[in-house]
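Heads up: the structure comes next, in structure tokens.
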Amino acid sequence: MTETTLIAVKPEIAARAQVDEAGYKAMYQAAAQDPDAFWAKEAQRIAWMQAPKIIKNVDFGGTSGKVSIKWFEDGVLNASVSCLDRHLATRGDQVAIIWEGDDPSSDAKVTYKELHARVCQLANAMRGLGVQKGDRVCIYLPMIVEAAVAMLACARIGAVHSIVFGGFSPDSLASRIQDSDCVLLITADEGRRGGRKVPLKANADEALKTCPSIRHVIVARNTGGAVEMMPERDHWWSDACDTQPETAEPEKMNAEDPLFILYTSGSTGKPKGVLHTTGGYMVWASFTHQNVFDYRDGEIYWCTADVGWVTGHTYIVYGPLANGATTLMFEGVPNYPTVSRFWEVIDKHQVAIFYTAPTAIRALMREGEAPVKKTSRKSLRILGSVGEPINPEAWLWYYRNVGDERCPIVDTWWQTETGGILISPLPGAIAQKPGSATLPLPGVKPALVDNDGAVLEGAAEGNLVLLDSWPGQMRTVYGDHERFVQTYFSTFKGTYFTGDGARRDADGYYWITGRVDDVINVAGHRMGTAEVESALVAHPKVAEAAVVGMPHDIKGQGIYAYVTLKTGEEPSEALRKELVAWVRKEIGPIASPDAIQWAPGLPKTRSGKIMRRILRKIAANETEALGDTSTLADPGVVQDLVENRVR
Ligand code: PRX
């Protein structure tokens, strides 16, 4: 498979698509030529209490150095109205959410009418507990319907939700709650994943020992497992909500009022609170969900992400519900109870659009074709991929075996910061190449720059930047606008720097090559190497640690840690296990190191900077090509590291 392999849009798909090739080109041009007119029109896809007259007002700081991003700034709306109220007259009895439990015998369906009622009840309960517009509410829930209800109820009362993935540790939860001074926590007794229980309430109790800003906790009963309830502070969901009225006045929100905060990892420091606002985010969520998935009324749509990540925010909840879709929420994992689970769920619920991550595809690919082929999958129309580069081999397996060469694959490139998809084929418009995210959506202006910031033309490889704003872009880092400017707008002045590298081929197609900073992508989970390092050095026996990504067949990247012990400490298998457990406890299971190498010394420059380039090569077993090591303070340490590489 070379990069000239072009999988043309099938005529039957083009004929039915909402956007064909000419349509895409016209949209792209219209958005580029007159963004105000284009987005004023697209803004009508959501419900406004007061329609915006001012559309785009953006400064990327090229000349002023001040970064300010505003869209639809005089518009007034409430995101929950777009997702619920306006559908009641036309589709109140349509299923909004299909919930599929971890256990295949448990599922549920919630109509738009029921969802609206449940959201209003929780909104009223939160108001009763004193939560006000602008307050931050932390959500730490498993993949149950209550997670969507909680998000929309926050939106309804103008509270800013901050979801923390249920796999994060008490420490990680606490630091996120502290950073944004959340006043309320919404959690559950326990979560379920792959037949195992996750002690969410117990984790929350541990976290809350250091979170004085939390005044109340609402606890959903999920597994029925025993938990401790602190009088005054903790309230069962059903006690708080069941007697509440089923309507609640939606708060009037300015388009630029915050909708949510979501913490994500960067190259340095602690995870930052990515802040998204209401109007632009909702327009982008709806626009991209409809066009990228060619979504049509009545279709069942399934995104397998967790609501703890941005994909779950935009493509399980806000985008599909804004578009009146039926969205499937899955509590479980791809290989429980068997490796046919995804395909069985597709048949069971007649899923038309299926959106998952390359790591899941690679894991299932290893199980062979039989578990797929024994299912029908005839309902499928569109397949999607997100979260990391998809290797052509996995792409083709997905295309041939899951989609029977009938379903186009949309490989969607985007980030927590971008709010929604930026680069992806539109299925009825753009011929695909396995492994390429293809072309930018209307309103998106990518460019490649070299390390000095010079824009590269034509076929080229470089740093991926965006030259102009799109409505779904993050607006700031919560509580630290300077960090926002430094992180994204200072590397290549006047442009938004993604942190990714990419190649553009002769057809103008983009091939994302991965992060060019110290962020790694482990099974589609974004992780700062600095976070894992600081967890390791917090262990009493560790003097120093350096963490890099290493190639991993299934996870894309694995975590490879070089650890220097304190004088007098001896490496042992027991200590290795202890350190892995330590990192799991400090951050969460997704941060478990795959390999720990005992390093008597680390390769450093004379000024003391660790040369990660060399550590990455050793971890990747590319020891033939270590490059120039002459600037190292002690070139001898490299030889030792090469010889003792963990296999
Ligand atoms: O490196 C890119 C990779 O995931 C990063 C964003 O991670 P996160 O903010 O957690 O959002 C994940 C869900 C959008 C990007 O900087 N990435 C995401 N999608 C792709 C991708 N890399 C290649 N191809 C993709 N389709």
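Read-outs: derived from the displayed coordinates by stated rules, not from any lab. Worth saying up front: this structure is predicted, and the values here are computed from it rather than measured. Here the Cβ is made from the backbone with ideal geometry for all residues, glycine too, and neighbour counts use every protein chain on show.
Quick look at the values:
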item	result
All positions within the stretch 532-573 that are over 18 Å from Ile614 (Cβ atoms) and touching a Ser or Thr at 6+ places or on another chain (Cβ under 7 Å)	Ala543, Ile554, Lys555, Gly556
Test: residue in the stretch 70-86 that is closer than 24 Å to Cys303 by Cα and more than 25 Å from the chain's Cα centre (by Cα)	yes
Filter pass, Ile353 being farther than 30 Å from Arg156 by Cβ, among the β-branched types (Val, Ile, Thr) and touching a Phe, Trp or Tyr at 6+ places or on another chain (Cβ under 7 Å)	no
Residue check, Leu602 at negative phi and part of a helix (DSSP H, G or I)	no
Filter pass, Gly403 being within 10 Å of the ligand (Cβ to nearest atom) and either without any contact (Cβ under 8 Å) to a residue 24 or more places away in the chain or touching a strand residue (DSSP E or B) at 6+ places or on another chain (Cβ under 8 Å) (or both)	no
Residue check for Arg406: part of a helix (DSSP H, G or I), surrounded by fewer than 20 Cβ atoms within 10 Å (Cβ to Cβ) and out of contact with any Ser or Thr (no Cβ under 6 Å at 6 or more places or on another chain)	no
Among (1) loosely packed, with under 15 Cβ neighbours inside 10 Å; (2) without any contact (Cβ under 8 Å) to a residue 24 or more places away in the chain, the one test that Thr5 misses	(2)
When residues of the stretch 367-393 are limited to those that are crowded, with 18+ Cβ neighbours inside 10 Å and among the β-branched types (Val, Ile, Thr), the one farthest from the ligand (Cβ to nearest atom)	Val372
The stretch 276-303: number of residues that are surrounded by fewer than 24 Cβ atoms within 10 Å (Cβ to Cβ) and within 14 Å of the ligand (Cβ to nearest atom)	0
Filter result (in contact with a Leu (Cβ under 9 Å, 6 or more places away or on another chain) and assigned to a helix (DSSP H, G or I)) within the stretch 120-139	Cys120, Leu122, Ala123, Met126
Check on Asp468, acidic (Asp, Glu) and either within 13 Å of the ligand (Cβ to nearest atom) or crowded, with 22+ Cβ neighbours inside 10 Å (or both)	no
Condition met for Glu256 (among the charged types (D, E, K, R), outside any strand (DSSP E or B), closer than 21 Å to Leu122 by Cα and away from the ligand (no atom under 16 Å from the Cβ))	no
One residue from Ser68, Ser64 being more than 29 Å from His349 (Cβ to Cβ) and in contact with a strand residue (DSSP E or B) (Cβ under 7 Å, 6 or more places away or on another chain)	Ser68
Restricting the stretch 105-119 to residues that are assigned to a strand (DSSP E or B) and in contact with an Asp or Glu (Cβ under 7 Å, 6 or more places away or on another chain), the residue that is surrounded by the most Cβ atoms within 10 Å (Cβ to Cβ)	Thr111
Residue that is touching a Gly at 6+ places or on another chain (Cβ under 9 Å), among the charged types (D, E, K, R) and more than 12 Å from the ligand (Cβ to nearest atom), where the choices are Asp505, Asp452, Asp518	Asp518
Among residues of the stretch 259-268, those that are outside any strand (DSSP E or B) and either among the basic types (Lys, Arg) or within 14 Å of the ligand (Cβ to nearest atom) (or both), counted	3
Filter result for the condition that a residue is within 14 Å of the ligand (Cβ to nearest atom), closer than 22 Å to Leu464 by Cβ and surrounded by fewer than 18 Cβ atoms within 10 Å (Cβ to Cβ), over Thr487, Thr498, Thr513	Thr513
Count - residues of the stretch 522-534 that are at negative phi and either touching a Cys at 6+ places or on another chain (Cβ under 7 Å) or crowded, with 19+ Cβ neighbours inside 10 Å (or both)	9
Residue among Ala32, Ala17, Ala22, Ala8 that is within 19 Å of Pro471 (Cβ to Cβ) and small (Gly, Ala, Ser)	Ala32
Index of the failed condition, Leu364 passing every other in (1) over 20 Å from the mean Cα position of the chain (by Cα); (2) away from the ligand (no atom under 16 Å from the Cβ); (3) in a helix (DSSP H, G or I); (4) surrounded by fewer than 21 Cβ atoms within 10 Å (Cβ to Cβ)	(4)
Filtered residues of the stretch 69-105 (kept if under 30 Å from Val339 (Cβ atoms) and in contact (Cβ under 8 Å) with a residue 12 or more places away in the chain)	Val95, Ala96, Ile97, Ile98, Trp99, Glu100, Gly101, Asp102, Asp103, Pro104
Subset of the stretch 409-420 that is more than 8 Å from the ligand (Cβ to nearest atom) and within 19 Å of Trp395 (Cα to Cα) - its residue that is surrounded by the most Cβ atoms within 10 Å (Cβ to Cβ)	Val410
Pairs, first under 20 Å from Gln350 (Cβ atoms) in the stretch 301-312, second more than 8 Å from the ligand (Cβ to nearest atom) and part of a loop (DSSP other than H, G, I, E, B), C-beta under 8 Å, six or more apart	Tyr301/Phe293; Tyr301/Tyr295; Tyr301/Ala325; Tyr301/Val351; Tyr301/Ala352; Trp302/Val351; Thr304/Pro334; Thr304/Ala357
Test: residue in the stretch 547-558 that is more than 29 Å from the chain's Cα centre (by Cα) and surrounded by 13 or more Cβ atoms within 10 Å (Cβ to Cβ)	no
Tally, over the stretch 430-469, of residues that are assigned to a loop (DSSP other than H, G, I, E, B), out of contact with any Lys or Arg (no Cβ under 8 Å at 6 or more places or on another chain) and of a type in the set (A, V, I, L, M)	7
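Residue-wise test of (1) without any contact (Cβ under 8 Å) to a residue 60 or more places away in the chain; (2) among the aromatic types (Phe, Trp, Tyr); (3) farther than 20 Å from Asp517 by Cα.
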residue	(1), (2), (3)
Ala595	yes, no, yes
Trp598	yes, yes, yes
Leu602	yes, no, no
Met611	yes, no, no
Ala620	no, no, no
Ser630	yes, no, yes
Val646	no, no, yes
